[in-house]
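The values are calculated or read from the model by the stated rules, or taken from the named source; none is laboratory data. Worth saying up front: this structure is predicted, and the values here are computed from it rather than measured. A quick note on method: Cβ atoms are made from the backbone with ideal geometry, for glycine too, and the neighbour counts reach across all protein chains shown. The accessibility values were calculated without ligands, DNA or RNA, using every heavy atom of the protein model including side chains. Shrake-Rupley method; radii C 1.70, N 1.55, O 1.52, S 1.80 Å.
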Amino acid sequence: GTYIVDSSRNLVNISKLRFGSSDAVIDTASVTSATATTVVASVVHATYAAAFFDFVIKNGTNVRAGVVYACHDGTTVSFTETSTVDLGDTSDVTLSVVIDGTNMVLKATSTSSTWTIKSLIRTI
């Protein structure tokens with residue numbers, strides 16, 4: 001797992017680390033995506049109005065990093081991606097956010113090859 005050092009210098013597993021209350025949370029996700037649409041991460045939309053999906057998309061020396069910002073009203077999702085300029089070419093991978101059942105879901109769609117997509121999810 002991934003760990004951070006807290007103010008008392010203790011190692012704390014970052015998975016589902018909560019700050020102050022259950023109204024905000026940090027989580028991690030990692031998937032390998034082939035030629036398909038793959039769920040990268042999801043958050044319960046009844047609990048969180050917005051999510052910030054920090055991400056890295058990588059295949060060999062092809063890499064990009066950025067953030068997908070998303071908010072919803074229970075039915076409709078508004079999202080945008082801000083990212084680095086590609087090192088190599090990552091144009092094969094597109095990201096989107098949708099409502100799927102009870103979750104707001106970050107999805108990656110790849111038209112070829114295999115990509116590793118990692119995300120740090122911050123929800124409010």
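Which of the residues belonging to segment 31-69 are outside any strand (DSSP E or B) and under 25 Å from THR102 (Cβ atoms)? Within segment 31-69, ALA36, HIS45, ALA46, THR47, TYR48, ALA49 meet the criteria.
Of the candidates ALA65, ALA51, the single residue that is under 10 Å from the mean Cα position of the chain (by Cα) and not polar (S, T, N, Q) is ALA51. Filtering segment 6-22 for residues that are of a type in the set (D, E, K, R), at pLDDT 75 or above and not in a loop (DSSP other than H, G, I, E, B) leaves an empty set. Applying the criterion of being open to solvent by 60 Å² or more (accessible area, probe 1.4 Å) and in contact with a strand residue (DSSP E or B) (Cβ under 7 Å, 6 or more places away or on another chain) to the residues of segment 89-99, the residue that is nearest to SER42 (Cα to Cα) is THR94. Here the condition is being farther than 22 Å from THR35 by Cα and either polar (S, T, N, Q) or under 15 Å from the mean Cα position of the chain (by Cα) (or both); of ALA108, ALA70, it holds for ALA70 alone. In segment 32-82, what residues are on the phi < 0 side of the Ramachandran plot and out of contact with any strand residue (DSSP E or B) (no Cβ under 9 Å at 6 or more places or on another chain)? Residues satisfying the conditions are ALA46, ASP73.
Here segment 70-87 is the region considered, the condition is being touching a Lys or Arg at 6+ places or on another chain (Cβ under 9 Å) and either assigned to a strand (DSSP E or B) or small (Gly, Ala, Ser) (or both), and the residue that is nearest to THR28 (Cα to Cα) is SER83.
Taking first residues from segment 44-64 that are among the acidic types (Asp, Glu) and partners that are buried (at least 17 other Cβ atoms within 10 Å of the Cβ), the Cβ contacts under 6 Å between residues at least 6 apart in sequence or on separate chains come to ASP54/LEU120.
If you take the residues of segment 51-63 that are open to solvent by 20 Å² or more (accessible area, probe 1.4 Å) and not β-branched (Val, Ile, Thr), which of them is nearest to SER113 (Cα to Cα)? Filtering segment 51-63 for residues that are open to solvent by 20 Å² or more (accessible area, probe 1.4 Å) and not β-branched (Val, Ile, Thr), the one nearest to SER113 (Cα to Cα) comes out as ASN59.
For the residues VAL67, VAL40, the requirement of being within 21 Å of TRP115 (Cα to Cα), modelled with pLDDT of 95 or more and open to solvent by less than 60 Å² (accessible area, probe 1.4 Å) singles out VAL67. Filter segment 100-124 for residues that are open to solvent by less than 50 Å² (accessible area, probe 1.4 Å) and of a type in the set (A, V, I, L, M, F, W, C) and give the result. If the condition is that a residue be open to solvent by less than 50 Å² (accessible area, probe 1.4 Å) and of a type in the set (A, V, I, L, M, F, W, C), then MET104, VAL105, LEU106, ALA108, TRP115, ILE117, ILE121 are the ones that fit. Of all residues in segment 70-88, those that are surrounded by 12 or more Cβ atoms within 10 Å (Cβ to Cβ), closer than 27 Å to ALA46 by Cβ and of a type in the set (Ser, Thr, Tyr) total 0.
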